[in-house]
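To start, the structure under review is shown below, and the notes come after it.
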Amino acid sequence: MDINFTSIIPSLPFILEGIWVTLQIVVLSLLLGFAWGIILALFKISRIKPLMWFADAYTSIFRGTPLVLQLLIIYFGLPQILGFPIDPYPAAVAAFTLNSGAYISEIIRAGINAIDKGQQEASMALGIPYAKMMKDIIMPQAFKNIMPALMNEFITLTKESAIVTVIGVQDIMRRAYQVGADSYNYFAPLLFAGLIYYILVMFLTLLGKGIEGRMRRSD
């Protein structure tokens with residue numbers, strides 16, 4: 001078996017360009033997923049039953065089915081219904097946003113429920129509007145509690161982003177696969193792609209620990 005690592009050296013810049021594509025998808029999806037997760041979390045703690053049922057059913061579906069299936073339905077299935085194609089990049093962002101929102105909603109809901117109920121009761125007794133109470137009192141405290149879980153979701157999303165290669169997005173994995181196909185040497189470029197993902201995950205892990213440490217010191 002001949003594994004030649006030097007043969008992929010000219011293609012390394014091409015693979016490295018995929019980091020920017022991967023990070024764009026992950027960061028945008030996380031931001032949109034966070035916003036969608038907040039809405040779903042508020043639905044879940046709402047006293048309006050239809051909103052609770054919708055949020056619970058949504059979370060159950062998106063957590064109970066494979067992410068790659070959701071991605072393929074959006075990219076290949078939706079165009080049959082809509083009557084026009086969806087580009088790979090927005091399809092990837094949409095799939096990750098919808099999926100991440102389900103997980104983040106559970107994280108946020110747990111963070112909100114961890115806040116002492118007495119604070120909500122005191123706010124209501126003082127006549128503070130519900131929206132203002134959530135924005136200025138409850139959510140800032142909840143965010144502090146859920147920061148480690150959010151970083152874990154960021155890391156998970158970074159690793160799972162590799163599945164966008166199945167719809168042709170030019171991310172790290174797709175570029176590594178193309179280099180392997182061109183050189184008939186898959187092991188070296190895929191190993192290099194794995195190294196990139198590992199470095200990204202380690203960086204995000206250290207970043208998360210740093211943020212968590214600063215938040216603890218600020219208490």
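None of the figures in this text is laboratory data; all of them are computed from the coordinates on show. Quick caveat, the model's predicted, so the values are computed rather than measured. Positions of Cβ are generated from backbone atoms using ideal geometry, with glycine treated the same way; all protein chains shown enter the neighbour counts.
Treating the beta-carbon of each Lys and Arg as +1 and of each Asp and Glu as -1, no other charges, what is the dipole magnitude of segment 13-216 about its Cα centre, to the nearest 20 debye? Don't jump to the answer; show the numbers that get you there.
Details: 15 positive and 12 negative charges, 117 e Å.
That gives a dipole near 560 debye.
Multiply the residue gap between residue 159 and residue 143 by 0.36 nm, knock off their C-alpha separation, and tell me the result in nm, one decimal place. Don't jump to the answer; show the numbers that get you there.
Details: separation 16, 0.36 × 16 = 5.76 nm, distance 2.34 nm.
My answer for the length gained is 3.4 nm.
Kindly provide the pair-distance distribution of the chain built from C-alpha pairs, with 5 Å bins from 0 and whole-percent values in order of increasing distance.
1, 7, 12, 14, 15, 14, 11, 9, 6, 4, 3, 1, 1, 0, 0
Quick one: net charge of residue 25's neighbours, Cβ under 12 Å, K/R +1, D/E -1?
Working: positive: 174; negative: 160, 171.
Combined, the nearby Lys, Arg, Asp and Glu give -1.
I need the peptides 153-159, 10-16 ranked by packing, meaning the mean over residues of other C-beta atoms within 10 angstrom, with the highest value on top.
Answer by packing, highest mean first, reads 153-159, 10-16.
I need the peptides 39-50, 24-35, 201-212, 121-132 ranked by packing, meaning the mean over residues of other C-beta atoms within 10 angstrom, with the highest value on top.
24-35, 39-50, 201-212, 121-132
Given a cut-off of 29 Å, name the pairs among 44/144; 44/132; 135/209; 49/209 whose C-alpha atoms lie farther apart than that in the structure shown. All intermediate terms of the calculation are to be shown ahead of the outcome.
On the way: 44/144 20 Å; 44/132 18 Å; 135/209 25 Å; 49/209 38 Å.
From the list (44/144; 44/132; 135/209; 49/209), the Cα-Cα distance tops 29 Å for 49/209.
Could you tally the net charge around residue 11, taking each other residue with its Cβ under 10 Å from the Cβ of residue 11, Lys/Arg +1 and Asp/Glu -1?
Numbers: positive: 175; negative: 182.
Counting the neighbours of residue 11, the net charge comes to 0.
For a quick size check, give me the Cα extents of segment 30-121 along its three principal axes, largest first, whole Å.
51, 25, 20
Pop the C-beta distance of residue 214 and residue 187 into the FRET formula with R0 = 45 Å and round what comes out to the nearest 0.05. Don't skip to the answer; put the middle values down first.
Values: r = 41 Å, r/R0 = 0.91.
According to the calculation, E is roughly 0.65.
With each pseudo-label sitting 7 Å past Cα toward Cβ, what's the residue 128-residue 87 distance in nm, one decimal?
A separation of 4.4 nm, rounded to one decimal place.
Given the -39500 (n - 2.57) contribution per DSSP H run of 4+ residues, what per-residue ellipticity at 222 nm results for the chain, rounded to the nearest 500 deg cm²/dmol? Could the numbers behind the result be given before it?
On the way: 11 runs with 164 residues, N = 219.
Rounded to the nearest 500, the figure is -24500 deg cm²/dmol.
Could you tell me the relative contact order of the chain? Use alpha-carbon pairs under 8 Å, at least six residues apart, and round to a whole percent.
Numbers: 223 pairs, mean separation 63.4, N = 219.
Here the relative contact order equals 29 percent.
Set the Förster distance to 30 Å, then compute FRET efficiency between residue 177 and residue 61 from the Cβ-Cβ distance, nearest 0.05. Spell out each step's value before the answer.
Values: r = 30 Å, r/R0 = 1.01.
Working from the Cβ atoms, E equals 0.50.
Anything in the chain that counts as a DSSP H helix reaching 30 Å or more along its axis (C-alpha) with Kyte-Doolittle mean of at least 1.6? List them, would you?
Values: long enough: 18-44 (37 Å, 2.02); 88-113 (37 Å, 0.60); 187-218 (46 Å, 1.00).
What comes out of the filter, once short or polar helices are dropped, is 18-44.
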